[in-house]
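In what follows, a structure is listed as structure tokens, so that the remarks can point back to it.
The values are calculated or read from the model by the stated rules, or taken from the named source; none is laboratory data. Every value quoted in this text rests on a predicted model; they were computed, and no experiment measured them. Positions of Cβ are backbone-derived with ideal geometry, glycine not excepted, and every protein chain shown enters the neighbour counts. What goes into the accessible areas is simple: the full protein's heavy atoms, side chains included, and nothing from ligands, DNA or RNA. Shrake-Rupley method; radii C 1.70, N 1.55, O 1.52, S 1.80 Å.
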Amino acid sequence: MKTSIPEISKQIYKEDTLAVLEKKYSTLGPMWVNQQMEWMNGVYASFKDHDKFLILIFLVKKTLDFYSRNFTKLSYDEFYSKDIVEIEKFSIAEISEALNIPKESARRKVIELEKTGAIRKIKNKIVIDRSKFYYTKPEASIKRISRFLSTLSKMSIDDNVLSNVISSEELELVIKKNFSYAWKLYYEIQIPMIINYKKIFGDIETFHIYGICEVNDHLYAQKESRDYMDRDEFLRSIFTINKIQGINAMSISDITGIPRATVIRKLEKLVKKKSLMINSRKHYNLAKSFTNKLKPLQIEVLINIADFSAKIFNLIILDKNRTRNMSSVY
């Protein structure tokens, strides 16, 4: 059988995907922000506690790192064939430092996870038992990510980054086939992003609520944008369009699952800090000055998305190369 050797000259670089993301942000930015908050909604649904879920995905990420280091690749079906996921030994100090959670809070949340059986010991193993808490397989997340990447591939043709559009169906198949690796890459976006926004907003709930307001403004501005705009142009347009309708506390509560009283309290805090604006109808929108302050972190997130996108595109290219070589054998 002919050995499939990747062609280095055909690889996609993150600098190239980043250039497309920045140049055509008015189309791609709202897509990503929307899928990000949909994912956050699912995160909150698991425990009604963002930090607990963050602890679990941090531990799962360590397992995915172990698989990658040891050249082990699990498909989507293989990864979810059992509820039990073995994890490496961990310490409260490690979780506290890595996730920016005070030690006592980290200890308390780990104990709560142990009491419910979400984290437990089986003989000499430490495992996460998915049967002990509510979770949904990331089927919807994979579909949203695949749609985003397919749109990015289409936008990349004009810049000669890719020669053909990659369909969302093809991307779904490749992500599921290489799930343990692809989801390790996905968590490498999510975990640092959540931690960094937590530092800015004080807690993940507040960031989650702010993020829903951001999605609302992005989607309204996208409807009004007729041409491709880069990130700076698009964000400026949000504050010049008069038609952008804010979102109210009840809608945010319904979307996120966060109790309305908590949402109102957090919104009041965001308005007081001038992170959000409120109008006479009690609808909330982004505040221009605060949006500008977030720019460095958002650029960092965009770089990580570009890196993730390039690596998934390279998986596609490699997979096609292998398929061609297999066909030539027969």
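Tabulated values for the structure
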| read-out | value |
| --- | --- |
| Scan of segment 20-50 for residues that are open to solvent by 30 Å² or more (accessible area, probe 1.4 Å) and part of a helix (DSSP H, G or I), ordered by number | Glu22, Lys23, Thr27, Met31, Asn34, Glu38, Gly42, Ala45, Phe47 |
| Flag if Ile191 is within 21 Å of Ile145 (Cα to Cα) and modelled with pLDDT of 95 or more | yes |
| Qualifying residues in segment 252-273 (those that are part of a helix (DSSP H, G or I) and without any contact (Cβ under 8 Å) to a residue 12 or more places away in the chain) - the one surrounded by the most Cβ atoms within 10 Å (Cβ to Cβ) | Ser253 |
| Number of the exception - Ile241 against (1) buried (at least 17 other Cβ atoms within 10 Å of the Cβ); (2) without any contact (Cβ under 8 Å) to a residue 60 or more places away in the chain; (3) outside any helix (DSSP H, G or I) | (1) |
| Residue in segment 150-157 that is under 23 Å from Val33 (Cα atoms), out of contact with any Lys or Arg (no Cβ under 6 Å at 6 or more places or on another chain) and assigned to a loop (DSSP other than H, G, I, E, B) present | no |
| Residues located in segment 112-139, provided they are open to solvent by less than 40 Å² (accessible area, probe 1.4 Å), touching a strand residue (DSSP E or B) at 6+ places or on another chain (Cβ under 7 Å) and not in a helix (DSSP H, G or I) | Gly117, Ala118, Ile119, Ile126, Val127, Ile128, Asp129 |
| Within segment 274-290, tally of residues that are surrounded by 17 or more Cβ atoms within 10 Å (Cβ to Cβ) and either touching a His at 6+ places or on another chain (Cβ under 8 Å) or in a loop (DSSP other than H, G, I, E, B) (or both) | 3 |
| Residue, surrounded by the most Cβ atoms within 10 Å (Cβ to Cβ), within segment 87-106, restricted to residues that are over 23 Å from the mean Cα position of the chain (by Cα) and not aliphatic (A, V, I, L, M) | Phe90 |
| Residue list for segment 214-232, filter: open to solvent by 80 Å² or more (accessible area, probe 1.4 Å) and in a helix (DSSP H, G or I) | Lys223 |
| Among (1) surrounded by 14 or more Cβ atoms within 10 Å (Cβ to Cβ); (2) more than 24 Å from the chain's Cα centre (by Cα), the one test that Lys109 misses | (2) |
| Pair list, Cβ < 6 Å and 6+ apart or interchain, from segment 102-118 residues that are free of Cβ contacts under 8 Å to residues at least 60 places away in the same chain to residues that are of a type in the set (Ser, Thr, Tyr) and outside any helix (DSSP H, G or I) | none |
| Selection from segment 293-316 of residues that are under 17 Å from Gln190 (Cβ atoms) and of a type in the set (Phe, Trp, Tyr) | Phe308 |
| Test: residue in segment 141-151 that is over 21 Å from Leu185 (Cα atoms) and not aromatic (Phe, Trp, Tyr) | no |
| Residues being polar (S, T, N, Q) and touching a residue at least 60 places away in the same chain (Cβ under 8 Å) - total across segment 150-166 | 3 |
